[in-house]
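Undergrad: Attaching a single structure in structure tokens format; questions to follow.
The values are calculated or read from the model by the stated rules, or taken from the named source; none is laboratory data. Note that the structure is a prediction, hence the values are computed from the model and not measured. In this analysis, Cβ positions are derived from the backbone assuming ideal geometry, glycine residues included, and neighbour counts consider all displayed protein chains.
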Amino acid sequence: MDLTVVDSDPVNELEIPEGAEAKGCSAGACGSTDDQVSQLPESIREKVQNHPCYSEDAHHYFARMHVAVAPACNIQCHYCNRKYDCANESRPGVVSELLTPDEAVMKTKAVAANIPQMTVLGIAGPGDPLANPGKTFETFRRLSAEAPDIKLCVSTNGLALPDSVDELAKHNIDHVTITINTLDPKIGAQIYPWIYWNNRRIYGEKGAKILIAQQQKGLEMLVERGILVKVNSVLIPGVNDEHLKEVSRTVKSKGAFLHNVMPLIAEAEHGTFYGVMGQRSPDAEELQDLQDACAGDMNMMRHCRQCRADAVGLLGEDRGSEFTLDKIAEMDIDYDAAMKVRAVVHAGIAEELAEKEEKKARLAGVVVPKDDSAQALDLRPVLMAVATSGGGVINKHFGHATEFLVYEASPKGVRFISHRKVDQFCIGDDECGEKESALAGSIRSLQGCEVVLCSKIGFEPWEQLENAGIQPNGEHAMEPIEEAIQAVYQEMIDSGKLNEAPPRIEESVSA
Amino acid sequence: MSLEIVESCVNCWACIDVCPSEAIAMGDRHFVISAKKCTECDGDYADPQCASICPIEGAILDAEGLSLNPAGSLTGIPPERMEAAIKEIQLR
């Protein structure tokens, strides 16, 4: 039997943020899944093919950055707390250093020169970019003139969007992300306690109604002008979970091209309403189910990392500490020279992606299950985790992985499901009550996976992974991810492993 | 007649853009209101603008020193619930 690489829809992203302890809050500007992108009209594909947040394929190669020039906000969300600010924290709305537009331009050029794979500059906060129009648009205006090879994008809660559309169109911004959590003011009142509107603070349903109307109007205006719109939604169990299916259908019918449903991050230590009041976050399965349910109607994005408003680098990594203001001040950037290097690097990546695409198409053409396909389709799907530092290949040591990409292999092919962050420095929580090693944290994050592929792995983790029912595999180092997974799945079929029940994965492992 | 910003201000810049009297400036550690310029928005708006957009409870006081956005009024978190949560976290 042969397997196709379909690399399709679903994914979920359970956010176990890096850093000292469990973290969380949410709403952000992030990324998509590749099969949808391949189904998009050519004009849109062209715009997103090197955007790491819109293309699952691209996110292995291209990097993005956010500049934190927009501190003010015009609404309050129950998952946000403006007081919280920490260097170890990874979630939207959090930054370490606020920048002036001038500093933002300097930083962007410094990053673009040093990380030539960086293709996208976004403004995502830490407040609402469009509630800071002076700072946001000055940054865009200067960058579109001084660094024309960088794509510009912005994310917003939508309240000020209708008033900003003309200005956005002027700066050649072809991507906007709107966070839309609901269409219903009653639900909105449970998410947004107030908005600032026409010089007044407006509470509850009345405020939510205005916000919702502005978001929808803004979405329509952007689509009319041919600006690509991605919609972010925060999945809040018991508040908007079922309703998000309707949100997905509606925003699609109005012309949004991608929907990114993200899990709520809520911890009491963040001081957010949801955190303190004990609102639970969705689990990985809940999120994936909802994304799958919406996928029938809408292109879903599944590789979002819910990154900070000052994140720098590939999704899943943050190199912000290499580009602090004092470090940038010492760099001597010749942007014209950098642009030449960047063009070469981008062309190289584009070529590699095109080859990958071609190979995928070729493989898809040769689906020939040699045994009867009815029996073949009976084979159960298997989740496999991959340690990678980008480039679309298995190239990371198990012990150095801060996150794993999870893929599902089945008779239908290989598809990207989600990423799982490793809580490397977890020191235990109230439930487990005891200290936990980094290794146990990695193993815990792999729950549900039967195989983990990495470039190398030590003896101790190997043994513990096996004990936990997860087969480590270092035989496919430096190989393309999907092909390696396909090969391992084929081996499992041939050895009869798929006829056995899946191994029982232990709930937690202490070390 | 003037409002005052106190140290719980998180420097989010929201107030500075909405003040009709240009009475707000960046201070050493947080934003400050010039008592000379502040009119409490009298004659311009029904409500003082800084206090209408400020996201931090207790950060802006009126002329009597009373909080214009008391605890619980913006986040919806009952103050006793917040206290209990803080205590619980400190005990960890």
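Undergrad: Name the pairs: first residue in region A:95-123 and touching a residue at least 12 places away in the same chain (Cβ under 8 Å), second residue polar (S, T, N, Q) and outside any loop (DSSP other than H, G, I, E, B), Cβ to Cβ under 6 Å, at least 6 apart or on different chains?
TA: Here the result reads A:Pro101/A:Thr139; A:Ala104/A:Thr139; A:Leu121/A:Thr108; A:Ile123/A:Thr136, each pair linking region A:95-123 to a residue that is polar (S, T, N, Q) and outside any loop (DSSP other than H, G, I, E, B).
Undergrad: Condition first: more than 7 Å from chain A (Cβ to nearest Cβ), more than 11 Å from the chain's Cα centre (by Cα), in a loop (DSSP other than H, G, I, E, B) and surrounded by 13 or more Cβ atoms within 10 Å (Cβ to Cβ). Can you find one or more residues in region B:77-90 that meet it?
TA: yes
Undergrad: Does any residue of region A:257-268 turn out to be closer than 19 Å to A:Arg64 by Cβ, touching a residue at least 12 places away in the same chain (Cβ under 8 Å) and out of contact with any Lys or Arg (no Cβ under 9 Å at 6 or more places or on another chain)?
TA: yes
Undergrad: Another question, then. Scan region A:133-187 for residues that are within 14 Å of chain B (Cβ to nearest Cβ) and surrounded by 19 or more Cβ atoms within 10 Å (Cβ to Cβ) and jot them down.
TA: A:Lys135, A:Thr136, A:Phe137, A:Asn157, A:Leu159, A:Ala160
Undergrad: How many residues does region A:194-238 hold that are assigned to a strand (DSSP E or B), of a type outside the set (A, V, I, L, M, F, W, C) and touching a helix residue (DSSP H, G or I) at 6+ places or on another chain (Cβ under 8 Å)?
TA: Qualifying residue count, region A:194-238: 4.
Undergrad: What about B:Pro70, is it within 10 Å of chain A (Cβ to nearest Cβ), part of a loop (DSSP other than H, G, I, E, B) and modelled with pLDDT of 95 or more?
TA: The answer is no for B:Pro70.
Undergrad: Out of region A:60-74, which residues are touching a Leu at 6+ places or on another chain (Cβ under 6 Å) and either β-branched (Val, Ile, Thr) or within 9 Å of another protein chain (Cβ to nearest Cβ) (or both)?
TA: A:Val67, A:Val69, A:Pro71, A:Asn74 - these are the residues of region A:60-74 that are touching a Leu at 6+ places or on another chain (Cβ under 6 Å) and either β-branched (Val, Ile, Thr) or within 9 Å of another protein chain (Cβ to nearest Cβ) (or both).
Undergrad: Considering only residues of region A:402-422 that are closer than 23 Å to A:Cys307 by Cβ and either assigned by TED's automatic domain parsing to the domain that holds A:Pro263 or modelled with pLDDT of 85 or more (or both), which is farthest from the chain's Cα centre (by Cα)?
TA: A:Tyr407
Undergrad: If we scan region A:273-281, do we find a residue that is part of a loop (DSSP other than H, G, I, E, B) and among the hydrophobic types (A, V, I, L, M, F, W, C)?
TA: So far as region A:273-281 goes, yes, one or more of its residues are part of a loop (DSSP other than H, G, I, E, B) and among the hydrophobic types (A, V, I, L, M, F, W, C).
Undergrad: Tell me whether region A:252-271 contains one or more residues that are small (Gly, Ala, Ser), more than 14 Å from chain B (Cβ to nearest Cβ), touching a Cys at 6+ places or on another chain (Cβ under 9 Å) and closer than 28 Å to A:Leu152 by Cβ.
TA: Among the residues of region A:252-271, not one is small (Gly, Ala, Ser), more than 14 Å from chain B (Cβ to nearest Cβ), touching a Cys at 6+ places or on another chain (Cβ under 9 Å) and closer than 28 Å to A:Leu152 by Cβ, which makes the answer no.
Undergrad: Same structure, new question: Would region A:265-275 turn up any residue that is in contact with an Asp or Glu (Cβ under 8 Å, 6 or more places away or on another chain) and closer than 16 Å to A:Thr182 by Cβ?
TA: The answer is no, given that none of the residues of region A:265-275 is in contact with an Asp or Glu (Cβ under 8 Å, 6 or more places away or on another chain) and closer than 16 Å to A:Thr182 by Cβ.
Undergrad: Continuing with this model, one more query. Among the numbered conditions (1) away from chain A (no Cβ under 11 Å); (2) surrounded by 15 or more Cβ atoms within 10 Å (Cβ to Cβ), tell me where B:Ile56 comes up short.
TA: (1)
Undergrad: Can you confirm whether region B:42-54 contains a residue that is part of a loop (DSSP other than H, G, I, E, B) and in contact with a Pro (Cβ under 8 Å, 6 or more places away or on another chain)?
TA: Yes, the conditions are met somewhere in region B:42-54.
Undergrad: Something else about it: When region A:97-117 is examined, which residues are found to be surrounded by fewer than 24 Cβ atoms within 10 Å (Cβ to Cβ) and in contact with a strand residue (DSSP E or B) (Cβ under 8 Å, 6 or more places away or on another chain)?
TA: A:Leu98, A:Ile115, A:Gln117
Undergrad: I need the full set of residues from region A:439-456 which are under 16 Å from A:Glu403 (Cβ atoms) and either at pLDDT 90 or above or not in a helix (DSSP H, G or I) (or both), in order please.
TA: Listed by number, the residues that qualify are A:Leu446, A:Gln447, A:Gly448, A:Cys449, A:Val452, A:Leu453, A:Cys454, A:Ser455.
Undergrad: Answer yes or no as to whether A:Asp336 is of a type outside the set (A, V, I, L, M, F, W, C) and not assigned by TED's automatic domain parsing to the domain that holds A:His259.
TA: When the stated conditions are applied, A:Asp336 passes them.
Conditions (1) more than 10 Å from chain A (Cβ to nearest Cβ); (2) surrounded by fewer than 21 Cβ atoms within 10 Å (Cβ to Cβ); (3) more than 10 Å from the chain's Cα centre (by Cα), marked per residue:
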position: B:Glu4; (1), (2), (3): yes, yes, no
position: B:Lys36; (1), (2), (3): yes, yes, yes
position: B:Tyr45; (1), (2), (3): no, yes, yes
position: B:Gln49; (1), (2), (3): no, no, yes
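Undergrad: Please go through region B:6-34 and pick out each residue that is among the small types (Gly, Ala, Ser) and either facing chain A (nearest Cβ under 7 Å) or touching a residue at least 40 places away in the same chain (Cβ under 8 Å) (or both).
TA: B:Ser8, B:Ala14 - these are the residues of region B:6-34 that are among the small types (Gly, Ala, Ser) and either facing chain A (nearest Cβ under 7 Å) or touching a residue at least 40 places away in the same chain (Cβ under 8 Å) (or both).
Undergrad: When region A:318-337 is examined, which residues are found to be polar (S, T, N, Q) and over 18 Å from A:Asp102 (Cβ atoms)?
TA: Within region A:318-337, just A:Ser321 meets the criteria.
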